[in-house]
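Contents: one structure, followed by commentary.
What follows draws every value from the coordinates through simple rules; no lab data is involved. None of these values were measured; they are calculated from a predicted model. Cβ coordinates were reconstructed from backbone atoms using ideal geometry, including for glycine residues, and neighbour counts include every protein chain displayed.
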Amino acid sequence: MSELLTILDYQFFRHALAAAVLTSLLAAMVGTYIVSRKIVFIGGGITHASFGGIGLAYYMGLNPFMGAAVFGIMTALGIEWVSGKGNIREDSAIAILWSLGMALGIIFVFMTPGYAPNLMSFLFGSILSVGKTDLYTLAGFFLLTLFVFVVFFRPILYTAFDPEFAKVKGIPVRTYRYLMSVIMALAIVLSIRTVGIILVLSIFTIPQITAMLFTRNFALIIPLAALWGVTGSVAGLFAAYYMNIPSGASIIFFLTIQLILVKLIVTLHRQVQRRSG
Amino acid sequence: MKEPLLILDNIRTGYNSDPVLREVSLEIYPLDFIGIIGPNGGGKTTLIKVILGLLPLFSGHIHFPSGKPKTGYLPQVSQIDRSFPITVKEVISSGVGTSGKLLPFLSSNKKEKVRKMMDEAGLGGLSSRPIGELSGGQLQKTFLCRALIDEPDLLILDEPNTHVDKHFEQELHEWLKELNKKMTILLVSHDIGTISPMVKTIACVNRTLHYHPSNQLSEEVLKVYNCPVDVIAHGPVPHRVLKSHGHE
Ligand SMILES: Nc1ncnc2c1ncn2[C@@H]1O[C@H](COP(=O)(O)OP(=O)(O)OP(=O)(O)O)[C@@H](O)[C@H]1O
Ligand SMILES: [Mg+2]
């Protein structure tokens, strides 16, 4: 055990650990909103469209995560706007933004002269290179999201569940929807740093699905998803280091194994209960 | 005569830009109990949504002569996402008045009010049950509680008697009769038989609206109103199912 923990002497690993925990906590809140509203596909659209921003930022020599944030937010707001219009199919709009973002990203990266950016690190994350600034940004945004979820918990829940009733009750539904769109986009873009574009959605959904084996109460899914997210991603991170495999993929692998194991235990437990009861 | 609670003045409304309802005019007075009937797709839900301010008006006006009344609303079951992870208690709490501000937590007397309401409705033991694990009747009761918790002046119910048994229907009937002493009620159904003994007057909705100032409707009148609905024997209503005429 102590040998296992000597790795903690390395600063880069402590940073990676902090990033994994913060990302899991952030994804616990935002992911519960996404899974409850069944808008995982919107999350996919935001994720992939943000690649266009990464490419453009590279081409212009800017911070790629700024580019991703701008594209991500624009996509999220665009989808919310389209869904309010009702005369454009929302899923088609998402599909268009999804592939357009990827296409733009690849074109810009291709056009960028000289040194080709490390595409792999965006597609699969680069948690082991997380720096202090990244951590402060992540921590700051986590605290902001926590604040929003605590203070506006009821309107967030009510507008997600039944927006028409919320509107009848005088809640400014559109405002909350747009606010949540921006939070969703930023949470996704910040998490791309940890697990990458390809895998980011799993960290927003697998812990929630694990949590929902125990409860169907929105308010309880969040802390449970936080727990499962942290255990899965920390385990995945240690495994990645000791087995020398990519960390993003390892984290997702552990989250999934954990889901399967928990599901198995819950099912067995229920069966035993039924037999004895 | 009392002042109307709300006036629909020659309104036209619908989704996107296709009008579903045209030339709809209606005056609703305090303590009215109006049954809204009509065929599937006739525009009953659309009418309710425009009254609730959830749909834009293409033309015409809605007036609330003495200000917007406090409104309780029960949506049609088909519009509720039953797989959403929310409990009975949370659903009912979402109906608690906000008076503009929505505090992060319910005050303890509001919580008490929610608890009392659940007990009265026989939902006491189901308080932390997710709505996905309720029977049809329990679900309707939960949403009825949500509509009533704020003690509205205007209660709008969109088909509260779908997926429920005769027993619940009877219970609902009694509840609504009692509630109607204090509040105006709009009750949607596509089955005139079940609602005609409850309501005071009837509005037939099929692309437009015909108001009938009594709760008894003959087959002939329904024909004139172009309002093909199932007529199931209840007192003087003829025992025959009307054929659809199609509109326009
Ligand atoms: N969200 C929507 N977008 C576009 N058209 C809609 C929408 N909802 C309803 N419509 C159309 O409006 C018309 C009236 O629908 P509405 O739901 O008001 O009927 P209804 O009388 O409530 O029927 P039911 O008895 O089936 O509930 C229908 O032709 C329907 O196709
Ligand atoms: Mg309807």
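Could you tell me whether chain B comes out rounded, prolate or oblate from its Cα gyration tensor? Rule is a ≥ b ≥ c as square roots of the eigenvalues, rounded for a/c under 1.5, then prolate if a/b exceeds b/c, otherwise oblate. Because a/c hits 1.5 or more and a/b exceeds b/c, chain B counts as prolate. Look at the stretch B:67-74: the mean tally of other chain Cβ atoms within 10 Å of its residues' Cβ atoms is 2. Could you give me D for region A:214-274, from Stokes-Einstein at 10 °C and 1.306 mPa s, where the hydrodynamic radius is the Kirkwood radius over C-alpha pairs? Units µm² s⁻¹, please. D = 125 µm²/s. For chain B, the longest principal axis of the C-alpha atoms and the axis of helix B:108-120 are separated by about 60°. Packing around the peptides B:109-116, B:89-96, taken as the average count of other Cβ atoms within 10 Å per residue, puts them in this order, highest first: B:89-96, B:109-116. Shielding of peptide A:142-154 by partners, expressed as the average count of other chain Cβ atoms within 10 Å per residue Cβ, is 2. The GNM of chain B, with springs linking C-alpha atoms under 10 angstrom apart, assigns the highest mean-square fluctuation among B:SER135, B:SER189, B:SER17 to B:SER17. Ranked from largest, the principal axis spans of the Cα set of region A:2-276 equal 69, 60, 30 Å. Peptide B:88-94 has a mean of 4 when you count, residue by residue, the C-beta atoms of other protein chains within 10 Å of its C-beta. For region B:80-149, a/c is not less than 1.5, where a ≥ b ≥ c are the root eigenvalues of the C-alpha gyration tensor, and a/b tops b/c. That puts it in the prolate class. In the protein assembly as shown, Rg over Rh equals 1.06, where Rg is the alpha-carbon radius of gyration and Rh the Kirkwood radius from pairwise Cα distances.
Working from Cα pairs under 8 Å separated by at least six residues, relative contact order for region A:2-276 is 28 percent. Absence of a disulfide-compatible partner, taken as no other cysteine beta carbon within less than 4.7 angstrom, is noted in chain B for B:CYS145. Gyration tensor analysis over the Cα atoms of region B:1-67 returns equivalent ellipsoid semi-axes of 21, 14, 9 Å (largest first, whole Å). The angle separating the long axis of helix B:136-148 from the principal Cα axis of greatest extent in chain B is about 80 degrees.
From the alpha carbon centroid of region B:151-216 to that of region A:132-153 is 48 Å. Sorted on the mean count of surrounding Cβ atoms within 10 Å across their residues, most packed first, peptides A:70-82, B:207-219 read A:70-82, B:207-219. Measuring from centroid to centroid over Cα atoms, what is the spacing of region A:188-238 and region A:38-112 in Å? Value for the Cα centre distance between the two parts: 22 Å. Angle of helix B:166-179 to the longest C-alpha principal axis of chain B, folded into 0 to 90 degrees and rounded to 10: 90°. Give the percent of DSSP beta bridges with both residues in chain B that are antiparallel, rounded to the nearest 5. Percentage antiparallel, nearest 5: 50.
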